[in-house]
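Report on the following structure.
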Amino acid sequence: MVGVNWTNITDFGQLPAAANEASGGSFWVGMLFMMWIIMMLLMISYGFEVAIVTASFVFLIISVLMVYAGILAWTWALTFVGILLFMFLYIIWSSPKGK
């Protein structure tokens, strides 16, 4: 069982990193995507595409802040860029042409 060595934490900024160390680096990734899904489900009444684009944009900003805080890797932040690009291309492709 992996535990947190509380004697190594000397300031408040090391607390978020301690959660990642205890979980093998997956705590903040899991929290990020769970909050993304919750926001997407809360906004689903505005439409599926709107919910995905809005939630992805908000969590792109949050994930960039988490990268700069040192608790998330760029790979996970760029996942939201990929989702946004895919959704923009899908919206453009599925829009009616000739109106």
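Throughout, read-outs are computed from the coordinates displayed, never taken from laboratory work. The model shown is predicted, which means the values in this text are computed figures rather than measured ones.
Values for this structure:
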read-out: Computed [θ] at 222 nm, deg cm²/dmol, the chain (DSSP H ≥ 4; -39,500 (n - 2.57); rounded to nearest 500); value: -23000 deg cm²/dmol
read-out: Taking the chain and dividing mean pair separation by its residue count, relative contact order in percent (alpha carbons under 8 Å, at least six apart); value: 21
read-out: Kyte-Doolittle mean at least 1.0, axial Cα span of 15 Å or more - DSSP H helices of the chain; value: 27-42, 48-69, 74-94
read-out: Estimated translational D of segment 14-94 in µm²/s (Stokes, Kirkwood radius over Cα pairs; 37 °C; 0.692 mPa s); value: 246
